[in-house]
Every structure is written in C-alpha cells, then in structure tokens.
Amino acid sequence: MAASLSESLPLPPGTSGLPLIGETVPWVRDPLLFAQERFERYGPVWRTHLLGRPCAVLLGPEANRFVLGTHMHLFSSRAGWGKPITSLIGDGLSLIDGAEHRRHRRMIQPVLHGEMLSHYFAVMHDIAVQHTEKWSRHGQLKLFEGFKHLSFDIAARLMLGAQAETDAERIRKYFHEFTRGLFAPPAWKVPWTPYGKAWQAGVRLRAAILRIIAERRRGADGQQMDILGLLLAARDEQGIGFTDMELVDELLVLLWAGHDTVTSLLTWVFYELLHDRAIYDQLVDEQARVVGSGVLTLVQLKRMPLLDAVIREVERLHPPAPGGFRGVVTPFEYGGYRVPAGWTVMYSSVFTHHMPELWQAPGRFDPHRFRAPREEGRKPFSLIGFGGGPRVCVGLAFAQMQMRIVVSHLLRHFRFELRPGQSFKPVAVPTKMPKDGLVVRVDVK
Ligand code: HEM
C-alpha cells in the first residue's frame, strides 16, 4: 500500500475539530465509536487532531503491521507520547527509540521472559492469596480497587525487591498521584494542577527508587532473583550495565506500564464472567480438572485452554489501551495519502478488534471463537491488545502469568455476586474501567 512519497498526493480526509483540543473529547469518551464513525465517512485512512497535534489514523491489520512492524523506522515512539508525558516519565523503554531502545530492550526482555518467570510465580501466588483472603473478610468490594492494590503489590515486590515492603505504602501513594496527573491537561508544573502534583510525586518517587537501588548495590546478600536484582546484573554487548538514572527510569516505566493495564484487564475478565454464567461454570470445571483441590503449579497454568481463550477474548473486547501513537519522523505515503513529518499516527486496537471481516459477531463475548474449529484471530496484527512487532509489550508473558494465577485462584476459592444498581459504563482512567469499579459480594467457597 505504501510507495515513495509524492508532494502532489492529498492529505488524508477528515476534520480538525475545535481549536486547541481538536477532537480529543469524543475520542476519549468512546475510542471505538470515534473510529467506527470516521471509518464509515472516510475509509481506513483519515486525519483528526488529538492531544494538541494533527494525527493520521490508519485502520486495520495491514495498517497495524505498517506502523508496528514493516515501517516502524518512519516513526518515533517518544514523539508519539508527547512532551508532557516524556518530561514526567523520563527515558524508560516505551519512551526511547532506535539504538538506545534496542540496547535497553535486549537487557530487559530476558528478565521478563522464559525461565526467569518461574522465579516470580511463588511471589505472585502468595500475594494473590494474601489479598484475596482480606477481600472475603470485607464481604463486598470494588474489584477494580482490589485488583489495583494486588497488581501494585506484585509489581512493587518483584520490581523493587523485598526492601520495598516497608516503603510500599509510601510508594503506592506517590505513584497514585503520579499516574493521576499524567494525562491531565494543562501540563503546568504548579502545585494546584494534577500535572503539577504528578511532577512533585515523581520527584519523591524517583528519590525513593534511587534509595532502594543504592541499598541493593551496597547489599552483600548476592544477586536476588527479582526484576531489580536481574536488571542490576544485566549487561549489554560491551559488558556495560544500566546507570542508576537509567534504572530509575526503567523501573518507573515498568511499574506504570505493568499494573494499571493488568488491573483493567482483570476487572473486565470478571465483568464478562459475571455476565455469562455458562462460561464461568465451564472455567470452574476446567480449574477442577486441572488443579483440583491441590496447590496451583506453573505447569498446570499452561494447561488451561479455556482460561487462555477467555483472557484473549477480554483483550479483544476491552484492550486496556485502545491503540497507540507514534510521532512521524519521515513523511510517508499510505493508501494514496501523504502524511507529513511532525504529525502523529494512531493505530487502533479497539477498532481492529471489532472488524466484522476478522471476527464473527464482534460485539459478543465469545471465548470459543479462539478455539478449534473457528480459531479466529490468527491473521497477523488482528489481535493487538499487547501491541505488535519489535515493540510488542515486553511484559506480555509476565502479565499473562499474573492474570492466570489470580483468575485461577479466585475461581477455585471464592464465589462472586454482582451488586445491583451500579453503572458498568466504561470510563478511561486512563486505562478503561467500569464506572463504579465493578462492585461484587465475595464469599469463600
Ligand atoms: C494486561 C496487561 C498489559 C497490556 C494490555 C499491555 C499493553 C501494552 C501495549 C499495547 C504496548 C505497546 C504500545 C505501543 O507500542 O504502542 C505495551 C508496551 C510495553 N509494556 Fe505492556 N501491557 C501489559 C502489561 C505490562 C507489564 C506487566 C509490563 C511490565 C512488567 C509492561 C511493560 C511494557 C513496556 C516496558 C512496554 C514498552 C515496550 C517497548 O516499547 O519496547 N506491560 N504494553
């Protein structure tokens, strides 16, 4: 679809919306409807104005492959996030490009994959057991809040190490302020704006993480098998490790990228299961067959095809990030249109995940679509809730393991009942959640 650039080509069709804010409001309110309406009007390539910048939207699996894979050299991830975010978060993996990104990725990826995951299994499992015991004592809770606390504790324990336990509450507080202000314009560094508060929380957060790193570097107890321990030991091809400042930025990004997303997906798993008792019961049966009354093992976790399908179906229907942005570094042509440097491009996971050409009855929760004989979602770049290509989510395997442990534990030990009178309307916070947080009654089985 792409060819060499010609100045005579038109810009993509579309509108810029209101001065300054462009079309940001309708996009934030409903990213799926926003994309579907404009697809009807303009087709798979159009222009809009989001988050203060002109933006070309490229829709469908081929477009996803173009942006995330074959033509990723045209784009900058850092420029896609924009200045307010990058100046708050710094230079962690999702915010760097080119050779620096490849170097960091090569050092981080092994820490979150393969054999290393087995070192995290017991910690994830223990924290899930501790948290959910408390839930059942309360009787009723907002599952979103419960999952948020649980995922943060798992992330803090595994990413910052055992020392973080004493600091965990303080770090959680800073982190809450930090993420609340990340996407809250105006980006003024003054104490009364959410962005300004996020800035101050970021300063404290960095200081706390630096202290933890310094203690670990001084520690005489050898390398610890957690993410910080492994990142401290990681070396590039020249034998050079991360500096303290690089580590702080990486840990901040891992904490940020790694716990709101898991919280959102787990919440929507339970939203769907509590609205579809037949699938819920099939999952409980699978758990009884695979784990029985024993203790969950890592091997068993890999033998749960229905749970796999449910998690994939929720990734499809409720991707925590509706899509992603890139900054255009090199002007390019796509689908007969010209996209100038300095714009952003957006790919849309949520649109792709609802394309009737790819999915039967795309609005329906139907995990069996992923299983034989249908096996939907095999077309490359059609299921992209974790991104795709060389920058696919580096925490994918970590997140998948954590979600399976939590759902398996909950299904085997607890009963849930949705409380009446609540709103399930999706709101972006900035990852999607049901408006009232999914209020349930929890009882021990
Ligand atoms: C349900 C859970 C998760 C979802 C849905 C998710 C989704 C995503 C997506 C869509 C991207 C690609 C963004 C883009 O390129 O436009 C991404 C990248 C990333 N994710 Fe995740 N993520 C999840 C969990 C995690 C976890 C647990 C971690 C850390 C342990 C993590 C760390 C990262 C990082 C560092 C990147 C940037 C990778 C790079 O640019 O090379 N994520 N994630």
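Just a few scattered comments:
- Counting only residues that are modelled with pLDDT of 95 or more, open to solvent by 30 Å² or more (accessible area, probe 1.4 Å), of a type outside the set (D, E, K, R) and within 16 Å of the ligand (Cβ to nearest atom), the stretch 401-430 holds 0 of them.
- Pairing each residue of the stretch 139-155 that is on the phi > 0 side of the Ramachandran plot with any residue that is open to solvent by less than 10 Å² (accessible area, probe 1.4 Å), provided the two are 6+ apart or on different chains, yields C-beta distances under 7 Å for Gly139/Val442.
- Elements of the type helices (runs of 4 or more DSSP H) sitting completely within the stretch 143-229 and holding at least 3 residues that are modelled with pLDDT of 85 or more, charged (D, E, K, R) and exposed (fewer than 14 other Cβ atoms within 10 Å of the Cβ): these cover 194-218.
- Qualifying residue in the stretch 5-26 (condition: open to solvent by less than 60 Å² (accessible area, probe 1.4 Å) and part of a helix (DSSP H, G or I)): yes
- For Val203, the stated conditions hold: it is free of Cβ contacts under 8 Å to residues at least 24 places away in the same chain and closer than 25 Å to Ile108 by Cβ.
- Qualifying residue in the stretch 246-263 (condition: away from the ligand (no atom under 16 Å from the Cβ) and modelled with pLDDT of 90 or more): no
- Single residue of the stretch 91-100 satisfying the filter (touching a residue at least 40 places away in the same chain (Cβ under 8 Å) and open to solvent by less than 60 Å² (accessible area, probe 1.4 Å)) that is nearest to Glu250 (Cα to Cα): Gly92
- Residue within the stretch 248-264 that is of a type in the set (Phe, Trp, Tyr) and over 30 Å from Ile405 (Cα atoms) present: no
- Condition met for Val329 (open to solvent by 60 Å² or more (accessible area, probe 1.4 Å) and within 16 Å of the ligand (Cβ to nearest atom)): yes
- Note on the stretch 111-125: residues that are modelled with pLDDT under 95, surrounded by 13 or more Cβ atoms within 10 Å (Cβ to Cβ) and more than 12 Å from the ligand (Cβ to nearest atom) amount to 2.
- For Trp81, the conditions (1) farther than 29 Å from Pro434 by Cβ; (2) under 20 Å from the mean Cα position of the chain (by Cα); (3) not small (Gly, Ala, Ser) all hold with the exception of (1).
- The criterion of at least 3 residues that are under 29 Å from Gly114 (Cα atoms) and touching a helix residue (DSSP H, G or I) at 6+ places or on another chain (Cβ under 6 Å) is met by the following helices (runs of 4 or more DSSP H) wholly inside the stretch 272-381: 277-290, 298-301, 305-317.
- Test: residue in the stretch 231-241 that is among the basic types (Lys, Arg) and in contact with a Leu (Cβ under 9 Å, 6 or more places away or on another chain): no
- Looking only at residues of the stretch 52-105 that are outside any helix (DSSP H, G or I) and β-branched (Val, Ile, Thr), we find that the one that is nearest to the ligand (Cβ to nearest atom) is Ile96.
- Only one of the numbered conditions (1) closer than 19 Å to Gly336 by Cβ; (2) touching a Pro at 6+ places or on another chain (Cβ under 6 Å); (3) assigned to a helix (DSSP H, G or I) is not met by Arg47, and that is (3).
- Scanning the stretch 264-292 for residues that are within 16 Å of the ligand (Cβ to nearest atom) and open to solvent by 40 Å² or more (accessible area, probe 1.4 Å) yields a single hit, Tyr271.
- Inside the stretch 27-55, residues that are aliphatic (A, V, I, L, M), under 17 Å from Ala428 (Cβ atoms) and either in contact with a His (Cβ under 7 Å, 6 or more places away or on another chain) or open to solvent by less than 30 Å² (accessible area, probe 1.4 Å) (or both) make up a count of 3.
- For the stretch 231-250, a residue qualifies if it is of a type in the set (Asp, Glu) and under 13 Å from Val111 (Cβ atoms), and exactly one does: Glu250.
The values are calculated or read from the model by the stated rules, or taken from the named source; none is laboratory data. Source: prediction; values computed, not measured. We place every Cβ from the backbone using ideal geometry, glycine too, and count neighbours over all the protein chains shown. To get the accessible areas, we keep the full protein, side chains included, count just its heavy atoms, and leave off ligands, DNA and RNA. Shrake-Rupley method; radii C 1.70, N 1.55, O 1.52, S 1.80 Å.
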